[in-house]
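Below is one structure, written out as structure tokens, with a few remarks after it.
The values are calculated or read from the model by the stated rules, or taken from the named source; none is laboratory data. The model shown is predicted, which means the values in this text are computed figures rather than measured ones. Because the Cβ atoms are built from the backbone with ideal geometry, glycine has one as well, and the counts that use them run over all protein chains shown.
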Amino acid sequence: MENVIHQNKAHGLAKLVYDAKDRRSILVRALESLTAFILTAAMWIFLIHTLYIKLYVEANDSLEQIFFILFVSSIGAAVVLGGWQFYNWLRFHKKQRRKEFPPQSPAEVARIYGISEENMTRLQAAKESAAVVFRDGKYYYCIKGEAPIEIGMLGKE
């Protein structure tokens, strides 16, 4: 397992970042990709072979009739998918899909996280994202080049 360690050298805090892909060996990842490719190719070959047998060999139709059947089937699939898309648009258009939280002042957010309003303003003004690190049983926000901000609590509000 490969760990990538980022160090905030000015304050001695380390953050471990785990990438899920790095938890598996390259052999496992290669086998997964190869298996997915082989299964997909096999299914396509099976589908094309079955269509050829059913439409051309067993039905003994002309090539023009086969293309007509495929054309009508394609139009039918497009109509069904287009109708489904239109139904979803009518049902969900301009509707809130997620709960919207009421606006909160920096003082309210700072109280929830157990930090001062000044530090909350500092976090919100940071041009880079603040990393959360754990050291000595406490969590800290770390902004590159600045002193870490201890998180007092993660409120259950």
Checklist outcome for this item: Residues of the stretch 118-130 being over 15 Å from E150 (Cβ atoms) and either of a type in the set (D, E) or not in a helix (DSSP H, G or I) (or both), in sequence order, are A126, K127, E128, S129
Next on the checklist: Within the stretch 38-58, does at least one residue satisfy the condition of being at pLDDT below 90 and not in a helix (DSSP H, G or I)?
Outcome noted: no
Item to check | Enumeration of residues in the stretch 55-87 that are surrounded by 11 or more Cβ atoms within 10 Å (Cβ to Cβ) and among the charged types (D, E, K, R) | outcome: D61
Checklist entry - In the set R135, R91, which member is exposed (fewer than 11 other Cβ atoms within 10 Å of the Cβ) and either in contact (Cβ under 8 Å) with a residue 60 or more places away in the chain or over 14 Å from A147 (Cα atoms) (or both)? => result R91
Item to check | Number of the condition not met by F134 [criteria: (1) at pLDDT 80 or above; (2) assigned to a helix (DSSP H, G or I)] | outcome: (2)
